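Novice: To start, I am sharing the structure in question, which I have written as C-alpha cells.
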Number of protein chains: 4
Amino acid sequence: MHFASDNWAGVPDAVSSALAAAAGGFATAYGDDEATAAATAQISALFEREVAVFYVATGSAANSLALASVTPPGAAVFCHEAAHIVTDECNAPLYLTGGARLVGIQGDRGKIHAGSLAATLERFGPANVHHGRVTAVSITQATELGTLYTPTEVAAIAGVTHAHGLTFHMDGARFANAVARLGVSPADLTWRAGVDLLSFGLTKVGAWAAESIVVFDPDRAAEIPYLRKRAGHLFSKSRFISAQFSALLKDGLWLDLARHANAMAARLTEGLRSVPGARLAWEPEANEIFPILPVATVARLEAAGARFYEWGTDGLHGDALPVHGKETMIRLVTAFSTTAEEVDQFLAVAAG
Amino acid sequence: MHFASDNWAGVPDAVSSALAAAAGGFATAYGDDEATAAATAQISALFEREVAVFYVATGSAANSLALASVTPPGAAVFCHEAAHIVTDECNAPLYLTGGARLVGIQGDRGKIHAGSLAATLERFGPANVHHGRVTAVSITQATELGTLYTPTEVAAIAGVTHAHGLTFHMDGARFANAVARLGVSPADLTWRAGVDLLSFGLTKVGAWAAESIVVFDPDRAAEIPYLRKRAGHLFSKSRFISAQFSALLKDGLWLDLARHANAMAARLTEGLRSVPGARLAWEPEANEIFPILPVATVARLEAAGARFYEWGTDGLHGDALPVHGKETMIRLVTAFSTTAEEVDQFLAVAAG
Amino acid sequence: MHFASDNWAGVPDAVSSALAAAAGGFATAYGDDEATAAATAQISALFEREVAVFYVATGSAANSLALASVTPPGAAVFCHEAAHIVTDECNAPLYLTGGARLVGIQGDRGKIHAGSLAATLERFGPANVHHGRVTAVSITQATELGTLYTPTEVAAIAGVTHAHGLTFHMDGARFANAVARLGVSPADLTWRAGVDLLSFGLTKVGAWAAESIVVFDPDRAAEIPYLRKRAGHLFSKSRFISAQFSALLKDGLWLDLARHANAMAARLTEGLRSVPGARLAWEPEANEIFPILPVATVARLEAAGARFYEWGTDGLHGDALPVHGKETMIRLVTAFSTTAEEVDQFLAVAAG
Amino acid sequence: MHFASDNWAGVPDAVSSALAAAAGGFATAYGDDEATAAATAQISALFEREVAVFYVATGSAANSLALASVTPPGAAVFCHEAAHIVTDECNAPLYLTGGARLVGIQGDRGKIHAGSLAATLERFGPANVHHGRVTAVSITQATELGTLYTPTEVAAIAGVTHAHGLTFHMDGARFANAVARLGVSPADLTWRAGVDLLSFGLTKVGAWAAESIVVFDPDRAAEIPYLRKRAGHLFSKSRFISAQFSALLKDGLWLDLARHANAMAARLTEGLRSVPGARLAWEPEANEIFPILPVATVARLEAAGARFYEWGTDGLHGDALPVHGKETMIRLVTAFSTTAEEVDQFLAVAAG
C-alpha cells in the first residue's frame, strides 16, 4: 500500500525496453546525438511548435536553471508560498540564480490567483537597487496540493505576468497528470495560455530520470547550455534520457499512465467518502489526495503497512479545514503502477 | 570506427538487465532505499572499508561537489594544468565551490609530481586573506592523457598533500581503466595510498549515468547531502543509479569491461607502430592513445568514417613531440564495446 | 526640512576631525594597524567583553557576511517579513550566503515575537535535504518601523533561538537609537540577552561609513576574514573606518547623537498630535515616525520642500491603521543633525 | 622608512578638507546626490567623454564587479599569471563572477604581450560548453611589478581583444602613477587605446577609500548598479567617496601626488645603483622598485626599522635575475607622502 509519493514508483516496461534498445552502438556525447534530436522533435510535435529542450537529471535542476536563465541580479520571482521551489529544493533555486528572491503569494489550495498576483506586483513597484526588480512568475501544474490551473486561469496569470514584463514559468513535475485530467492539449495549457518556460518532467509519471526545460521561444534559450553545464547537469550519454522521453511520449503513453494514476486517485477519493470520520481537505483534481482522518485510523493504516506522509496544515485553506486535535491530515499520492487492489485494501483498513 | 570517446559508447547487457530488474514495485525515494544501500555496501566492500557514497548525475558534479565539500572561502586547489576540472567543465568546479582557485601545475604526460607539488605549495606560503589558503590537491586517474599514477606515485603526492594539511581528491572518471591496468586493488590505489575523496565514475566504462563521490572517512561527509541537493543533484528514483553500480561491480564486470577497453587500446597501439609515418606522443597506459600522424593519414581516416578528435599539443611534453607542419596529433579512445575488427579496420586504413 | 532618512545626514565635526587626525604617517594596511586595534578595544570595552570586530563598507555587507558566516547549504534564516535583509538589500543576503532562505514571520509593528518564532520553528521541523535546516534568527534593533525590542523581548527570542540550536543575529543599523532610548547597556541589549552576532553600524547616527560585524564569541569568527575579503569588503586603509568608530564611541558621543535624533522625533511626534487630521500609525519609539496624514497635508508639505517617503501599509498593523482613501502614510526620520527649527517648521506647514 | 606599500600611507590635507567640507547638511543617499554627480562629471571631463562611474569601497570590488558585468556562465578571462585579480584578492573575482576562469598568461616584467595573448586565444578556440567561452582580457596599469604599458602596447592588446569579440578591462589601482610617468592623457591611455572598463582607484595615490568602475560606453553599464548593491557595495552617504574623487582630481592633484611618488621611486632607484652588491631586477617605471640585495643588507635595513616586503621570484624574468643564495629580492613602494629624507636614510643604511 504505497501512497507516499509517485517518485517511489519504478518505471513501466516501455521505459525499460527503450533503455535496452538504446544500449548498443556509439553515439555522439553530450546531446549532439540522433536520439536526443528525435526526442526534442517529439516534444516540439507534442507542443505544436518548435521548442528548445534541455535535459537534466532532476526537477530541482530544471526549475532552478529555468529560473536562472531569466533572473538578473536583484530579481524577484513570484510564486505560491507553498511552491516546491520555495519549500522542498534545499534552496537550489536561490543558489543557482545567484540569490533571486522568491516572493510567496498566498492562495487557496496551492494556487495563486491573477488578482492577488496583480496586487502583489503593484505593491512591489518599479525596479530599484534596493528592493530589486520583478522578473518572473512561477506556478506548479498540478500544484503541490493536487489541484489544477485551467487554461483560463493560466492565461489570466499570464496576462498579469506579461503586462508587467515578466517571464512566466511553469513547474510541470506532474504536468502529465494535469493534461490527462483537464483533457486539453499541452500547447493550450502552456504557451497558448502564455507560459514561456516549462519544467517538463516525466519522472513522476514513469521515467527513472527524465526532466527537462522546455523553452517555447528558442531564441530565449541561448544561455541555458552554459548554465546547465556550469552546474554539472549535462549528461554525457544523453541518448538514455532521450530514450525515456521518446518511449513515454510515443502513442501518448505518458498520458495513459497519468490517467491511470488519476483514476486510482479518484477511486481512493470515492472510497474515502465512506470511511467513518474521514473527510477531504479539498476535492482532489489529479493524483494527490489530502484526507483528514481520525488519529486512530491513521495509526491503523500505518500498522497495516500503508506508506504515506502526514501533512502540515499550516497556512492551508480547505473546505474541511481546520484539523482538530484527534485528527491528522495526510497526503496520498497514486502512481502509474498503483493497483485497484492496493487502493481497495487501503480503504478496507481505513474503514476499520 | 568510433574512437572519439568512451562516453560515445552505450551500455552492456548487464546494465540494461539491471535497470529492467529494478523497474518494478515501490521504493523509498531520494536514496533511502534498499538498492542504494546495497550499492553502497558493494562499494564499501570493493574498497575494503566502510565509505560514504553520494550518487550524482555527472562526473562534473562529482568533482565539483567533492571539492565544494572541502573548500572554504579563499581556497586554492592544486591540480595538473590540463586537468579536466580546469579545462572541460565550464567552470563548474569554480562555480560550485564559491570561487575556489584552481592552481595548475605543469607535469609531463598529464601527471603532477610530488616534487613539483611540494615546491608549489612551499611558494604559496601560509594562509592569508589575500592569496587565500591551500586546501586540496586533485589528480585524475587515469589522466586526461591516458597515463597512470602508480600507488607509489599516489602515495608520494598524498604525503606532500597531507604534510601541508590538505585534502586529497582523485577524479576517477576512468578509475576502472587504471585499476584494470595496474592490477592493484581499488583500496591500494586510493585510501591506502592517502586519497581522501574519490569521484568514482562508471559511466565511461559502461553505465549510462553512474557517477558518485566516495568519501573514505564517512565522518567528513556531513555537508555533502546538502551540497548535492542545493545543486539539484539528488535523484529521486535513486535505485536506478544504484542498480547500475551494482550490476557493474558484481563479479568484477567493471574491470572486465575496462580490461577489454585497455586491450583494444593495446592492440591499436601495437598496430600503430607499423603505420608509416606514425609515432606515439608517449606510451599509452590505459584506453587513450595519442598518436602523431601524417596529415594525409588523418584525412584518409576521416574520409573512411573514423571518428576521433584532433588534440592540441600546447604545453605537452612527450617522447615524440613536437609535432611538425605536416603532422597532426589525434586522440583515440577505446571503450568496452570497441571490437578488434574495428581496431583492425582503422589500422588498415591508416596503413594506406 | 529633511526627514527622508538618517543616511541623508552628514557627519558631526568630531568625525571630520578624527578623519583629519588619522591622515598623517604610515600604518599597516588591511586592518593590522594600531588605530583599528584601538577601535576594536573600544568596542570590546563598550560591550564589556572581548569581541571580534570586522569592519565593512555598508550595512548590507555587515548583515550578509554575518549571516554567511553561520549559514551552511540549505540554511533557513528566520526574521520579520518586513526586515531590511528581505526587502531592501537587492538580495545581497541571499547571494552572499549561497542561497540561504529568509523565512519571513509576521508581527505587529515590525517585531517578531518569541511565541510566533517558536511556532514557526516547530512547524519547520528537523533538518532534511528538502526543506533544509533551521540556522539563524535575525531581528532589527531599532526595527524598520521605528519600534524597539526590550532586553526582555530580546532574551525571549534568544531563548527560543538557542533552544533550537540556532544563531541569533541582530541588525543594528540603528542600534544607537535603541540603546539611547531604552537606557540600557549595549551588553544588556545584546549578548547578555543572547545575541550572538551584531551588525553594529554607526553610519546612520553620524559616520560617513562605519559598519561592522561584532562577534561576541571570538572563537566563532574564524571564517569572516575570508568571507569579507572574498566579497571585496576589506578596506586597505582601515585606520579611517576605525577612526570613525573611535570618535563616535569616545565619551558616548554616538549616544548623544542618537539621543538628539530621538528627541527630535519625540518633538515631531508631540507636534503631530495637534495637526488636524493627523494620527500616528503606532507610537514611535526611536527616530522614525509613521504618521497618517490627509493627502492635502502631504501635498502641502511636499510643496513646501519637505523631504520624506510615502510608506506602503501592506501587511502592517497599527493602532491607527487602516489608511483611508484621502490619507497617506508617510515615514519621517530624524537625524543627529535635525534641528528643532526644522521640526517646528515642518509642523507649522503640516498644521496648515 | 616606510616602503611596504602605498596603501600604508594616509591622505593629503586636501582630502581631509574635502571630507570636512562635505560633512554638513542633508543629501540624497545612495549616490543620487549633487556631489556624486559632480564627481562623475569631473571623471567624464578627465576622460574627455561621458562615462558611467560606479563608486565602490575597494579595488577588489571594482575589479570583480567590472568583470562580473561582462562574464556569462562559462566565461574565461585572460590576464597576466601574476595579476592581482589572480593572486591577491582571495578569489573575489572568481566568486563575484559566478566562477569565471582566470587564464594566466606568462610575460616578462608583469606584462602580457599582444602576441602571446593572440596565441592563447587562438588555442582556446570557439565557445563550447566544455571549455567555455573567451570573454574578457584584463591588464594592470601600472603592473604589479611596477612596469607600464605604453598607449601603443595597450592598443595592440586591445586590437587582439576586440578582434576576438572580447571586453578589455584595465585594473587601474595605480593608474595615477602610470599617467604621471607616461605623460599621456587618461583618455589616450584607456578608451582611445581600446579599453572598455577601468577600475579607477585613487586610494593608493592618496584617498582613504576611493575606488570606482568607469564604463566608457555608458550603454554597457546597465547591470552594474544591481551587481554592486547585491554584493553590498553601494555606499549610502555617497557624497563622501565622491568628495575624495573631486578633491584629488581638482587641478590635477592626483597627478601631482603620483609624480611625487614616482620621483621618490626614481631617487631611490638612482641611489640603489651605488649600494654595494645591489642591483635592480628590472628598471622601475612607476613607484615600485624590485632590488636584489645581499641578505646582510636586507637584515641591516630591517634592523634599522625599514618596512618592506621580501618578494618571491617565482616565474619572474628580469635583467638581473636569478637571485642567488646570499641575496634576497625585495619590493619597495613609494607613496605621495614619502620624503626625500626617508629615501636618503634608507639608502644610507643600505650602503652600510
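Novice: All but one of (1) more than 27 Å from residue B:330 (Cβ to Cβ); (2) buried (at least 24 other Cβ atoms within 10 Å of the Cβ) hold for residue B:178; which doesn't?
Specialist: (1)
Novice: Please specify each residue of the stretch B:279-297 satisfying the condition of being open to solvent by less than 20 Å² (accessible area, probe 1.4 Å) and either of a type in the set (Gly, Ala, Ser) or assigned by TED's automatic domain parsing to the domain that holds residue B:110 (or both).
Specialist: B:281, B:286
Novice: Look through A:229, A:237, A:250 and report the one residue that is in contact (Cβ under 8 Å) with a residue 12 or more places away in the chain and more than 22 Å from the chain's Cα centre (by Cα).
Specialist: One residue alone meets the criteria, A:237.
Novice: Name the one entry in C:153, C:211 that is over 30 Å from residue B:71 (Cα atoms) and of a type in the set (Asp, Glu).
Specialist: Numbers: C:211 fails: over 30 Å from residue B:71 (Cα atoms).
Exactly one residue qualifies, and that residue is C:153.
Novice: Would the stretch D:24-40 turn up any residue that is facing another protein chain (nearest Cβ under 7 Å) and either under 30 Å from residue D:347 (Cβ atoms) or in contact with a strand residue (DSSP E or B) (Cβ under 6 Å, 6 or more places away or on another chain) (or both)?
Specialist: Yes, that holds for at least one residue.
Novice: For residue C:83, state whether it is over 24 Å from residue D:208 (Cβ atoms) and at pLDDT 95 or above.
Specialist: Taking the combined requirement at face value, the residue satisfies it.
Novice: Which ones in the stretch C:216-269 are in contact with a Lys or Arg (Cβ under 7 Å, 6 or more places away or on another chain) and within 30 Å of residue D:66 (Cβ to Cβ)?
Specialist: C:234, the sole residue that qualifies.
Novice: Take the residues in the stretch C:125-150 that are more than 24 Å from the chain's Cα centre (by Cα) and at positive phi, then tell me which one is modelled with the lowest pLDDT.
Specialist: C:125
Novice: Condition test on residue C:267, is it open to solvent by 30 Å² or more (accessible area, probe 1.4 Å), over 22 Å from residue C:140 (Cα atoms) and touching a Phe, Trp or Tyr at 6+ places or on another chain (Cβ under 7 Å)?
Specialist: Here the answer is no, as residue C:267 does not meet what is asked.
Novice: Checking the conditions here, which among C:153, C:89, C:122 is within 20 Å of residue C:201 (Cα to Cα), assigned by TED's automatic domain parsing to the domain that holds residue C:63 and either at pLDDT below 95 or charged (D, E, K, R) (or both)?
Specialist: C:89
Novice: May I pose another question? Residues in the stretch D:96-151 that are without any contact (Cβ under 8 Å) to a residue 24 or more places away in the chain and buried (at least 19 other Cβ atoms within 10 Å of the Cβ): how many?
Specialist: Adding up the residues that qualify gives 0.
Novice: I'd like to know if the stretch A:197-211 contains one or more residues that are within 14 Å of chain B (Cβ to nearest Cβ), open to solvent by 10 Å² or more (accessible area, probe 1.4 Å) and of a type outside the set (A, V, I, L, M).
Specialist: yes
Novice: So which residues in the stretch D:298-318 are under 24 Å from residue B:120 (Cα atoms), open to solvent by less than 90 Å² (accessible area, probe 1.4 Å) and either in contact (Cβ under 8 Å) with a residue 24 or more places away in the chain or not assigned by TED's automatic domain parsing to the domain that holds residue D:331 (or both), if there are any at all?
Specialist: D:308, D:313, D:315, D:316, D:318
Novice: Every residue in the stretch D:56-85 that is open to solvent by 10 Å² or more (accessible area, probe 1.4 Å) and under 15 Å from residue D:218 (Cα atoms), please.
Specialist: Within the stretch D:56-85, D:69, D:70 meet the criteria.
Novice: Sticking with this one: For the stretch A:319-342, what are the residues that are part of a loop (DSSP other than H, G, I, E, B), more than 11 Å from chain B (Cβ to nearest Cβ) and open to solvent by less than 20 Å² (accessible area, probe 1.4 Å)?
Specialist: Listed by number, the residues that qualify are A:320, A:334.
Novice: Of the conditions (1) within 11 Å of another protein chain (Cβ to nearest Cβ); (2) over 16 Å from the mean Cα position of the chain (by Cα); (3) surrounded by fewer than 22 Cβ atoms within 10 Å (Cβ to Cβ), residue C:88 fails just one. Which one is it?
Specialist: (2)
Novice: Looking at the stretch B:70-85, which of its residues are under 16 Å from the mean Cα position of the chain (by Cα) and within 29 Å of residue C:70 (Cα to Cα)?
Specialist: Matches in the stretch B:70-85: B:85 only.
Novice: OK, next. Please specify each residue of the stretch D:212-234 satisfying the condition of being hydroxyl-bearing (Ser, Thr, Tyr), within 10 Å of chain C (Cβ to nearest Cβ) and under 15 Å from residue D:62 (Cβ atoms).
Specialist: none
Novice: Look at the stretch B:45-76 and say how many of its residues are touching a helix residue (DSSP H, G or I) at 6+ places or on another chain (Cβ under 6 Å) and either among the aliphatic types (A, V, I, L, M) or more than 10 Å from chain D (Cβ to nearest Cβ) (or both). Walk me through how you get there before you give the answer.
Specialist: Pass one, the stretch B:45-76, residues touching a helix residue (DSSP H, G or I) at 6+ places or on another chain (Cβ under 6 Å): B:46-48, B:50-56, B:60, B:63-65, B:67-69, B:73-74.
Imposing the further condition that a residue be either among the aliphatic types (A, V, I, L, M) or more than 10 Å from chain D (Cβ to nearest Cβ) (or both) reduces the set to B:46-48, B:50-56, B:63, B:65, B:67-69.
Summing the residues that are touching a helix residue (DSSP H, G or I) at 6+ places or on another chain (Cβ under 6 Å) and either among the aliphatic types (A, V, I, L, M) or more than 10 Å from chain D (Cβ to nearest Cβ) (or both) in the stretch B:45-76 gives 15.
Novice: Return the residues of the stretch C:235-245 that are facing chain D (nearest Cβ under 7 Å) and in a loop (DSSP other than H, G, I, E, B); say none if nothing qualifies.
Specialist: Keep residues of the stretch C:235-245 that are facing chain D (nearest Cβ under 7 Å), which gives C:235-237, C:240.
Correct list: C:235, C:236, C:237.
Residue-by-condition table, conditions (1) closer than 17 Å to residue D:86 by Cβ; (2) in contact with a Lys or Arg (Cβ under 8 Å, 6 or more places away or on another chain):
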| position | (1), (2) |
| --- | --- |
| D:122 | no, no |
| D:129 | no, yes |
| D:139 | yes, yes |
| D:149 | no, yes |
| D:153 | no, yes |
| D:156 | no, no |
| D:159 | no, no |
| D:163 | no, no |
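Novice: Now, a different point. Can residue D:28 be described as surrounded by 23 or more Cβ atoms within 10 Å (Cβ to Cβ), in a loop (DSSP other than H, G, I, E, B) and of a type in the set (S, T, N, Q)?
Specialist: Values: surrounded by 23 or more Cβ atoms within 10 Å (Cβ to Cβ): no; in a loop (DSSP other than H, G, I, E, B): yes; of a type in the set (S, T, N, Q): yes.
No; evaluated as a whole, the condition is false for this residue.
Novice: Hey, residue B:158 hits all of (1) without any contact (Cβ under 8 Å) to a residue 60 or more places away in the chain; (2) assigned to a strand (DSSP E or B) but one; which does it fall short on?
Specialist: (2)
Novice: Would you point out which residue out of B:220, B:259, B:273 is open to solvent by 10 Å² or more (accessible area, probe 1.4 Å), not acidic (Asp, Glu) and not assigned by TED's automatic domain parsing to the domain that holds residue B:289?
Specialist: The unique qualifying residue is B:220.
Novice: Among A:4, A:37, A:9, which is the only one that is at pLDDT 95 or above, among the aliphatic types (A, V, I, L, M) and over 19 Å from the mean Cα position of the chain (by Cα)?
Specialist: Step by step, each of A:4, A:37, A:9 is checked, and only A:37 is at pLDDT 95 or above, among the aliphatic types (A, V, I, L, M) and over 19 Å from the mean Cα position of the chain (by Cα).
Novice: Can you tell me which residues in the stretch B:315-351 are touching a Lys or Arg at 6+ places or on another chain (Cβ under 6 Å) and modelled with pLDDT under 95?
Specialist: The one that is touching a Lys or Arg at 6+ places or on another chain (Cβ under 6 Å) and modelled with pLDDT under 95: B:320.
The values are calculated or read from the model by the stated rules, or taken from the named source; none is laboratory data. Please read all numbers here as calculations on a predicted model, not as lab measurements. Reconstructed Cβ throughout: ideal geometry from the backbone, glycine too, with neighbour counts over all protein chains shown. When the accessible area is computed, the model is the full protein with side chains, heavy atoms only, and any ligands, DNA or RNA have been set aside. Shrake-Rupley method; radii C 1.70, N 1.55, O 1.52, S 1.80 Å.
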